[in-house]
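The values are calculated or read from the model by the stated rules, or taken from the named source; none is laboratory data. Here the structure is a predicted model, which means the values were calculated and not measured. When we count neighbours, we look across all protein chains shown, and the Cβ atoms used for this are built from the backbone with ideal geometry, even at glycine. Each accessible area value is taken on the protein alone, full model and side chains, heavy atoms only, with ligands, DNA and RNA left out. Shrake-Rupley method; radii C 1.70, N 1.55, O 1.52, S 1.80 Å.
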Amino acid sequence: MTDLLVIGAGPAGLTAAIYARRAGLSVILFDGALYGGQMAITPVVENYPGILEISGPELSMQLMEQATGLGAEIRYEAVESVSLEGAVKTVTTVSGSVEGRTLLFANGAKRRKLGVPGEERLAGHGVSYCATCDGALYRGKRTAIVGGGNTALEDALFLSNLCEQVTLIHRRTDFRGEARLVQAIRERDNVEILTPFSVEALEGKERLETVTLAGRDGERRRITPEGLFVAIGYEPDNSLAQGRLPLDSYGYLAVGEDCLTPIPGVYAAGDNRAKPLRQIVTAAADGAVAAFQAANYCNAHVGV
């Protein structure tokens, strides 16, 4: 019987593991991908307290090594189903089921898709959702990126160091990202800004060939980047909690700062939770709170 089962090995899950192990709890984390979550594909982190600058992969590795060094176990397996009711919680993967006294949903969020014709067919064939993962494939080529927040701006800067030309497409005139990032974008000679335009369709036989854009005034424009990167925000990955825990209108877990769900021994932390700010530091804070709650629960239910 494991004290704490954690779904997701991003900053929330890893921090929860660190705090839970320091409280004497046994911990198993499950993640179908790599540790670190979205943090692992962030080129540079400059807003984590006490660290002036660090790469997302490096910070991910440090958190992972700290958690596993304390004795937490990470299993790189996607969770297929969960059982939440009663004193024993269960997580099921392709390898079988694992029982725990408490369970934490820390599975974060995933990149939102455009939802336009051609996107699904061309995904992986010129259409990508991770500039740091696939940007090197387009070195010296023409690329475009869709979005107006920090992620899109950071990705555009990252690609501008690799690509011949980068076209930044945003549906609004103003950007939602930080002013310093917008200024840095405007100072890059090889970055073209197209606003206000939305992507209407993606075309190509075997690979992306044409991106059709629609302006607010009815203008249509066709561009021909060799790669298109989508960075239009995130959506929660809460399918495992669907119908079991309350979700808000956007699909986020309706859980407060105490990270408590209506089911005793079940918690939520990180970007999958309804909150005003989703950053590495807020995910880490959630993880610490959730671990604290799990330790209190285990201490109050000794022998269960």
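State the dimensionless ratio Rg/Rh of region 51-131 (Rg: radius of gyration of Cα atoms; Rh: Kirkwood radius). Each step should come with its number before you reach the end.
Numbers: Rg = 18.0 Å, Rh = 16.6 Å.
A ratio of 1.08.
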*Restricting things to alpha carbons, find the Rg to Rh ratio for region 161-304 using the Kirkwood radius for Rh.*
1.14
*Given a Förster distance of 45 angstrom, what is the FRET efficiency for Ala300 paired with Cys130, based on the Cβ-Cβ distance and rounded to 0.05?*
0.60
_Overall form of region 1-152 per C-alpha gyration tensor (a/c, 1.5; a/b vs b/c)_ = oblate
_To check you understand DSSP bridge types, tell me what percent of the beta bridges within the chain (both residues inside) are antiparallel, rounded to 5._
45
_Could you tell me which residue out of Leu168, Tyr138, Tyr76 lies farthest along the dipole of the chain toward its positive end? Charges go on the beta carbon: Lys and Arg +1, Asp and Glu -1, centred on the Cα centre._
Leu168
*In region 149-304, what % of DSSP beta bridges are antiparallel (nearest 5)?*
70
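If eta is 0.890 mPa s and T is 25 °C, what Stokes-Einstein diffusion coefficient results for region 221-291, Kirkwood Rh from Cα pairs, in µm²/s?
So the translational diffusion coefficient is about 178 µm²/s.
Would you compute, from DSSP H runs of 4+ residues alone, the mean residue ellipticity of the chain at 222 nm, taking -39500 (n - 2.57) per run and dividing by the full residue count, rounded to the nearest 500?
-7500 deg cm²/dmol
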_Please compute, over every Cα-Cα pair in region 196-238, the percentage with a separation greater than 17 angstrom._
43
_Binning at 5 angstrom from zero up to the longest distance, how are the C-alpha pair distances of region 1-65 distributed in percent?_
4, 19, 26, 23, 14, 10, 4, 1, 0
*Between Gly118, Gly108, Val91, whose Cα lies farthest towards the positive end of the dipole of region 25-128 when Lys and Arg beta carbons carry +1 and Asp and Glu beta carbons carry -1, centred on the Cα centre?*
Gly118
*Total charge dipole magnitude, the chain, about the Cα centre, Cβ charges on Lys, Arg, Asp, Glu only, Debye to nearest 20*: 340
*With Cβ to Cβ distances under 14 Å as the rule, what net charge do the other residues near Asp258 carry (K, R +1; D, E -1)?*
0
*asked:* At 1.4 Å probe size, what's the solvent-accessible area of Ser249? Round to the nearest 10 Å².
replied: 110
*State the antiparallel share, in %, of DSSP beta bridges confined to region 1-109, rounding to the nearest 5.*
45
_Area accessible to solvent at Met61, 1.4 Å probe radius, in Å²_ = 90
*Find the cysteines in the chain that fail to meet the 4.7 Å Cβ criterion with every other cysteine, and list them.*
Cys163, Cys259, Cys298
*Of the accessible area of the chain, with the probe set at 1.4 angstrom, what percent is carbon plus sulfur?*
49
*How large is the accessible surface per residue of region 122-277, computed with a 1.4 Å probe and reported in Å² as a whole number?*
48
